[in-house]
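Note sheet for the following structure.
The values are calculated or read from the model by the stated rules, or taken from the named source; none is laboratory data. Everything numeric here is computed off the predicted structure, so don't read it as measured data. Every residue, glycine among them, receives a Cβ derived from its backbone with ideal geometry; neighbour counts consider all protein chains shown.
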Amino acid sequence: MRTGPVAVATPRIAPVLDDCDGIVLESDMALEGVRITNAKVDGDEAHDVDIVGSRLVGLRLTAARLDRLRLMDVVLDGCELSGASLEDANLVRVRFERCRMTGVSLATARGRDLTFADCKLDDANLGMADLERCDLLSCDLAGADLTASRLVDSRVLGCRLDRCQLTKARFTGTALNGSTLEGILGADALCGCSIGSDQVVALAVPLFTAIDITVDDDLGTDPPA
């Protein structure tokens, strides 16, 4: 019997890391056991970069293209990823802390055991992303596109979800407590979620819209004569 979302595993990172300050990320590069505090992407575009067991601190990769990025056991702390393309990313035991990711594209990303804490993900594209055991904690996802995404056994706590596009998404076994839900689209995708009693009213209107229920007091209650 389900008792709630499954605990998210934390990244496994060695206590001592090699310093890779000022590195240039290039296609097909593989890095392991490093601490990166300053980096740029070769020509603003690199593919199939593989980073394992590492910590990325304060990186500024605005609008960079890093498609098919693979991160395993990685912490990103205070990184700037606004407008970045991380499509087809493969993420395992990854934690994003205080990262600015406005308009980031994580379309078709696959991940498990992920944490986004105090991150800005407004207007992000997570269309068709497949995420399992994902914690979104105090994040801003206003206007994010989660069309046909899958979020399973996860927690979305204290987040701003206003105006999110959820059409054809699946949120099985996911808790949404403390999150705002004003103006969401495709609210029927939240079937199988748990919410708090204080969220019922905010969810009612978008849910009625999603299942085509009209609230009309003008019809009256008296039967026709």
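Within region 19-52, take every residue that is among the small types (Gly, Ala, Ser) and closer than 24 Å to Ala107 by Cα and give me the one that is surrounded by the most Cβ atoms within 10 Å (Cβ to Cβ).
Per the stated criteria, the residue is Ala46.
Quick one: in region 80-108, of everything that is closer than 17 Å to Val52 by Cα and among the hydrophobic types (A, V, I, L, M, F, W, C), which residue is surrounded by the fewest Cβ atoms within 10 Å (Cβ to Cβ)?
Val92
Residues in region 131-178 that are out of contact with any Pro (no Cβ under 8 Å at 6 or more places or on another chain) and assigned to a loop (DSSP other than H, G, I, E, B): how many?
Qualifying residue count, region 131-178: 25.
Going by the conditions given, is Leu181 modelled with pLDDT under 90, in contact with a Leu (Cβ under 8 Å, 6 or more places away or on another chain) and surrounded by 18 or more Cβ atoms within 10 Å (Cβ to Cβ)?
Yes: the conditions hold for Leu181.
Return the total of residues in region 4-25 being within 25 Å of the chain's Cα centre (by Cα) and either more than 24 Å from Phe116 (Cβ to Cβ) or hydrophobic (A, V, I, L, M, F, W, C) (or both).
The total comes to 6.
Does region 57-107 hold any residues that are within 25 Å of Leu161 (Cβ to Cβ) and among the basic types (Lys, Arg), and which are they?
Arg93, Arg95, Arg98, Arg100
Of the residues Gly33, Gly43, which is more than 24 Å from Thr115 (Cβ to Cβ) and either more than 25 Å from the chain's Cα centre (by Cα) or at pLDDT 95 or above (or both)?
Only one candidate passes the filter, namely Gly43.
I need the full set of residues from region 94-130 which are in contact (Cβ under 8 Å) with a residue 40 or more places away in the chain and either assigned to a loop (DSSP other than H, G, I, E, B) or touching a Gly at 6+ places or on another chain (Cβ under 9 Å) (or both), in order please.
Correct list: Val94 only.
Somewhere in region 134-147, is a residue farther than 23 Å from Asp73 by Cα, over 12 Å from the mean Cα position of the chain (by Cα), surrounded by fewer than 23 Cβ atoms within 10 Å (Cβ to Cβ) and without any contact (Cβ under 8 Å) to a residue 40 or more places away in the chain?
yes
Restricting to region 151-168, give me the number of residues that are surrounded by fewer than 23 Cβ atoms within 10 Å (Cβ to Cβ) and farther than 16 Å from Val8 by Cβ.
Final tally of qualifying residues: 6.
So, Val6, is that one in contact (Cβ under 8 Å) with a residue 24 or more places away in the chain and part of a loop (DSSP other than H, G, I, E, B) or not?
yes
Using beta carbons and a limit of 9 Å, which pairs, at least six apart or on different chains, have the first residue in region 159-182 and in contact (Cβ under 8 Å) with a residue 60 or more places away in the chain and farther than 10 Å from Ser149 by Cβ and the second one of a type in the set (S, T, N, Q) and buried (at least 18 other Cβ atoms within 10 Å of the Cβ)?
Partner pairs satisfying both residue conditions: Gly173/Ser154; Thr174/Ser154; Ala175/Ser154.
Looking only at region 53-73, count how many residues are surrounded by fewer than 19 Cβ atoms within 10 Å (Cβ to Cβ), among the hydrophobic types (A, V, I, L, M, F, W, C) and assigned to a strand (DSSP E or B).
Count: 2.
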